[in-house]
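Inspection log for the structure reproduced underneath, given as structure tokens.
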Amino acid sequence: MAAYLLCLTAGGGIPIFSRSHGDVKPLPFPVIGSLNAVHMFAANHGATLKSTTTSDAKIVWRDFHDSLSLIVITGNDQANDCHLNRLLENVWSAMVMLFGQDELMNIKNLERFKRDIKVCFQLLDHLLEQSVLSTFSDVTQAVDILLTPDNGALQNFLDAFVEAAGSTYGCLTVGGRVAVATHKWWSLSATELVLLGVLIPLLTPCTSRDIPIYLPQGSPTVPHRLLTFQVMRGVEVCVICGPTPSVADLHNEVVRFWRPAVEVLKAAYQVIPRYVPSTLTLDQNILGFLLVNNETSRCLNSVCVHGKDGKEEIVSLPKRREILRSFYKRVVGTYMSSPIEGTETGPAEFSHTATDTYTVCEGHKCYALSSPPHQLFVLYTSAIPTFAMRSITNKTLHAFTKDKSFCI
Amino acid sequence: MIVPGSLLDLEWLRSNEGSQILNCLLHRNGTRLRQFGLLDGPQIPSQLNVEEVTYKVMLAGKTGVGKTSTVAKLTGTDVPLTHNETPGLQTSNLYWPGKIKHLGKTVLFNIHLFDAGEAALKRYDHILPACKDGVDGILFLFSFVDKGSFDEIPQLLTRLTNPDDGVCKIVLGTKFDLHAHSEVTQRDIRDLENNWQIPVLRIRNVQHSQQAETSGGGVGDVTPVLNTLCEHLWHRDVVISGKNL
């Protein structure tokens, strides 16, 4: 789905940047000007213009700290506005993460700001891609994880290494998803977890990195260093440090601490693209699922549950992700709530709390189950009997939650 | 400036021994170099008696000239299609074999490339020391379609190095595939080479299509640059050990 993201100064409406996704022409300046003008017109009359819907598009406005205005324009997917507001919140946090809050809230030199803010573009463009992403963390506000056969061993290796690096924040990513992380890493805010989870696999592949980052909730004005190390193909170890140690210093430590873990890491890599160990069996009719833990901000998902199941002609893998994503956006905010702001208003209109909902479509069926703190969204083939979806979804949730070694 | 081929045997890569070792470093289809994580490395048969030497090389140049793309091209990863400002510092490991002529020895060069975004270098003080400390060589990059980046090379040279600091210096011009629109003339390049006694190489960080990658076409693009870089690094080691004797 095509999307535009515009950033202007809050006071003067001066355009800072304009990003887009999809096969669309850049927005002409007069259009940008009138979008801002109508927002300022409302503000001058004591009202806040939040969103508007046209026949095929939706526009959402948001001001941040009286400094910057963000406007997002996407196709109309019938979802609640809260999801687009979440996107803008993530965009602002992404800018804080790579640029720092001080300068974002007080722009001194506009030309230099326009040049320097380009460091965020890669992350912003990725967030705009939305429906074509292979991960769900941006919409669930929970970081994508995977379950490996031996999470316990990986946790030990990670804790030892992070301590040797003089830090308490560290994680191990396999195939771009978080496998294990230190206790302090999990205590980061949901936005920080999601953005870090998105940023790390997004950057140009290389052996190691030293990136200055700000934590939008934990440390928006004081930068820390995000160090990442590629230990094997598809496996990265990440640490958040202060001024020391340097990347070169840690290279040797990485080899020393992780060389004994080579076999465990190789076994962890084999889990891709199922993202769930083969010891866990799931119903044959499941094409894909999305399991979110709203308390711990973790999101386990897969659209390749049974390997090459021969059903890709009916529902291709990208299509499965798209269906799960739009099912999530339709259910959360309308029938079920989540920590995302604005999702309580829809469910509040009902006299009871919905725990299950489902849809039946031509080529597939979807079922959503809410069992706090978990929410499970499952995509089934159309062959499954509709009345059976409830019990199978319950069984699936039980399979994930009963095993204590699975930290979801 | 040293004459190409005076220290390294440039034909050796085509020999049986050379191509056997090179194959250990390439992808299965033989078109580009493989990437190794920190825990793994090339599996070279020990009977070939190859010594591994490690070097640290930094890339310097104006934003947008193609430092990150050059690293991608040299290491065999996908060259980015759009320009994205590098946030902070990125390092990549690169393995390249060479035969030292006068010693008859086979050496595996393990080069650590340090690439930092220009904005990050200016904003944060820890990044430049992280790149420069203990560096063995610096690659100064300019773009053939940006005269400003070429004019900045002398400033970078004076700012980052001294004539006697024992750091190997090479200038590399990127976007050479666009040389029809080049703003940098051959005379400019000759003048730079003569004034500074530094070789100026050319590279085009273009991602080859499948059809173009025949008979090592993909590796063929980076072979001259890597050979020259390794030769200069080895030469600089020889000079330094000569001074120490």
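Figures for the structure shown
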read-out: Residue that is on the phi < 0 side of the Ramachandran plot, touching a helix residue (DSSP H, G or I) at 6+ places or on another chain (Cβ under 6 Å) and of a type in the set (A, V, I, L, M), where the choices are A:Val143, A:Val132; value: A:Val143
read-out: Given (1) more than 17 Å from the chain's Cα centre (by Cα); (2) touching a residue at least 60 places away in the same chain (Cβ under 8 Å), number of the condition A:Glu192 does not satisfy; value: (1)
read-out: Filtered residues of the range A:346-387 (kept if under 27 Å from the mean Cα position of the chain (by Cα), without any contact (Cβ under 8 Å) to a residue 40 or more places away in the chain and not in a strand (DSSP E or B)); value: A:Pro347, A:Ala348, A:Thr353, A:Ala354, A:Thr355, A:Cys361
read-out: Positions within the range A:255-273 being modelled with pLDDT of 90 or more and part of a loop (DSSP other than H, G, I, E, B), in sequence order; value: A:Gln270, A:Val271
read-out: Residue identified as closer than 22 Å to A:Pro149 by Cα and not hydrophobic (A, V, I, L, M, F, W, C) among A:Glu263, A:Glu313, A:Glu295, A:Glu253; value: A:Glu263
read-out: Residue among A:Glu349, A:Glu322 that is closer than 18 Å to A:Thr140 by Cα and either modelled with pLDDT of 85 or more or buried (at least 19 other Cβ atoms within 10 Å of the Cβ) (or both); value: A:Glu322
read-out: Residue check for A:Ser246: out of contact with any Cys (no Cβ under 8 Å at 6 or more places or on another chain), within 14 Å of chain B (Cβ to nearest Cβ) and in contact (Cβ under 8 Å) with a residue 12 or more places away in the chain; value: yes
read-out: Residues of the range B:17-75 classified as outside any loop (DSSP other than H, G, I, E, B) and under 16 Å from B:Gln90 (Cβ atoms), total; value: 15
read-out: Filter pass, A:Phe99 being more than 19 Å from the chain's Cα centre (by Cα), surrounded by 20 or more Cβ atoms within 10 Å (Cβ to Cβ) and under 21 Å from A:Arg19 (Cα atoms); value: yes
read-out: Qualifying residue in the range B:50-67 (condition: β-branched (Val, Ile, Thr), under 22 Å from B:Ala130 (Cβ atoms) and facing another protein chain (nearest Cβ under 10 Å)); value: yes
read-out: Any hit, the range A:291-309, residues being under 30 Å from A:Ser391 (Cα atoms), among the basic types (Lys, Arg) and touching an Asp or Glu at 6+ places or on another chain (Cβ under 9 Å); value: yes
read-out: Residue match in the range B:115-130 (condition: of a type in the set (A, V, I, L, M, F, W, C), closer than 23 Å to A:Gln122 by Cβ and touching a Phe, Trp or Tyr at 6+ places or on another chain (Cβ under 9 Å)); value: yes
read-out: Residue list for the range B:76-110, restricted to those being within 14 Å of chain A (Cβ to nearest Cβ) and modelled with pLDDT under 90; value: B:Gly76, B:Thr77, B:Asp78, B:Val79, B:Pro80, B:Leu81, B:Thr82, B:His83, B:Asn84, B:Glu85
read-out: Test for B:Gly76: is it crowded, with 21+ Cβ neighbours inside 10 Å, touching a residue at least 24 places away in the same chain (Cβ under 8 Å) and either in contact with a Leu (Cβ under 9 Å, 6 or more places away or on another chain) or among the hydroxyl-bearing types (Ser, Thr, Tyr) (or both); value: no
read-out: Pairs, first closer than 16 Å to A:Asp159 by Cβ in the range A:249-277, second in a helix (DSSP H, G or I) and of a type outside the set (A, V, I, L, M), C-beta under 6 Å, six or more apart; value: A:Phe257/A:Phe161; A:Ala261/A:Phe157
read-out: Sole exception among (1) more than 12 Å from the chain's Cα centre (by Cα); (2) within 19 Å of B:Thr54 (Cα to Cα); (3) surrounded by 14 or more Cβ atoms within 10 Å (Cβ to Cβ) for B:Val225, by number; value: (1)
read-out: Matching option when the condition is within 12 Å of chain B (Cβ to nearest Cβ) and β-branched (Val, Ile, Thr), among A:Val235, A:Val292; value: A:Val235
read-out: Cβ-Cβ under 7 Å pairs, at least 6 apart or on other chains, the range B:103-131 side farther than 20 Å from B:Tyr55 by Cα, far side part of a loop (DSSP other than H, G, I, E, B) and of a type outside the set (S, T, N, Q); value: B:Gly117/B:Glu85; B:Gly117/B:Pro87; B:Gly117/B:Gly88; B:Glu118/B:Lys62; B:Ala119/B:Glu85; B:Ala120/B:Pro87; B:Ala120/B:Gly88; B:His126/A:Pro243
read-out: Complete set of residues in the range A:224-270 that are touching a helix residue (DSSP H, G or I) at 6+ places or on another chain (Cβ under 6 Å) and small (Gly, Ala, Ser); value: A:Gly234, A:Ser246, A:Ala261
read-out: Selected residue (only one of A:Thr204, A:Thr279 is of a type outside the set (Phe, Trp, Tyr), within 12 Å of chain B (Cβ to nearest Cβ), out of contact with any Cys (no Cβ under 9 Å at 6 or more places or on another chain) and in a loop (DSSP other than H, G, I, E, B)); value: A:Thr204
read-out: Test result for B:Leu139, within 11 Å of the chain's Cα centre (by Cα), within 12 Å of chain A (Cβ to nearest Cβ), among the hydrophobic types (A, V, I, L, M, F, W, C) and buried (at least 18 other Cβ atoms within 10 Å of the Cβ); value: no
read-out: Number of the condition not met by B:Asp40 [criteria: (1) touching a helix residue (DSSP H, G or I) at 6+ places or on another chain (Cβ under 9 Å); (2) within 14 Å of another protein chain (Cβ to nearest Cβ); (3) closer than 30 Å to B:Arg159 by Cβ; (4) surrounded by fewer than 19 Cβ atoms within 10 Å (Cβ to Cβ)]; value: (3)
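Yes or no, residue by residue, for (1) surrounded by 15 or more Cβ atoms within 10 Å (Cβ to Cβ); (2) more than 14 Å from every other protein chain (Cβ to nearest Cβ); (3) closer than 28 Å to A:Val222 by Cα:
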{"site": "A:Pro15", "(1), (2), (3)": "yes, yes, yes"}
{"site": "A:Ile32", "(1), (2), (3)": "yes, yes, no"}
{"site": "A:Lys50", "(1), (2), (3)": "no, yes, no"}
{"site": "A:Asp116", "(1), (2), (3)": "yes, no, yes"}
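The values are calculated or read from the model by the stated rules, or taken from the named source; none is laboratory data. Values in this document were obtained by computation on a predicted structure and should not be read as measured data. Heads up, the Cβs are rebuilt from the backbone with ideal geometry, glycines too, and the neighbour counts pull from every protein chain shown.
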